[in-house]
Amino acid sequence: MLKREKEREREIAKERIVYLIERAEKFKNVDYELSRRYVELARKIAMKYRVRIPKKLKLYFCKKCLYPYKSGRFRVRINKSTVIITCLNCMHIRRFQLRDRNVRRT
Ligand SMILES: [Zn+2]
């Protein structure tokens, strides 16, 4: 495959990922299972085409169980400059450092 075509393919893959995660956000209070499947699909596409899920979108769902974070299903705590997000579906904990207005993963 031409390099050009491959790049175009990855571009499309990225667009689909963004679209799927946005849909997951939209449907998380309507159909939580469906919403999770959107995230799962987005991740599969990301892996297949080796594209990154945009950092911002990664904050929308638990990377372990893939359920989108929604009210009552996750907990956020802030300790000094660390944000601690706990998924209440699988209890997976993520930590982020807040520094210079940027969110940095630890
Ligand atoms: Zn989880």
Quiz item: Only one residue in Ile12, Ile45, Ile78, Ile84 is part of a helix (DSSP H, G or I), of a type in the set (Val, Ile, Thr) and exposed (fewer than 15 other Cβ atoms within 10 Å of the Cβ). Which one?
Solution: Ile12
Quiz item: Is it true that some residue in the range 24-38 is among the basic types (Lys, Arg) and over 15 Å from the mean Cα position of the chain (by Cα)?
Solution: no
Quiz item: When you go through Leu41, Leu66, Leu34 one by one, which is the residue that is at positive phi, touching a helix residue (DSSP H, G or I) at 6+ places or on another chain (Cβ under 6 Å) and either modelled with pLDDT under 95 or not small (Gly, Ala, Ser) (or both)?
Solution: Leu66
Quiz prompt | Cβ-Cβ under 7 Å pairs, at least 6 apart or on other chains, the range 29-40 side in a loop (DSSP other than H, G, I, E, B), far side at pLDDT 95 or above | solution = Asn29/Lys70
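Per-residue answers, yes or no, for (1) away from the ligand (no atom under 12 Å from the Cβ); (2) among the charged types (D, E, K, R):
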residue	(1), (2)
Leu41	yes, no
Lys64	no, yes
Tyr69	no, no
Arg75	no, yes
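The values are calculated or read from the model by the stated rules, or taken from the named source; none is laboratory data. What you are looking at is a predicted structure, and each value in this text was computed from that prediction instead of being measured. Using ideal geometry, Cβ is built from the backbone for each residue, glycine included, and neighbour counts are taken over all protein chains shown.
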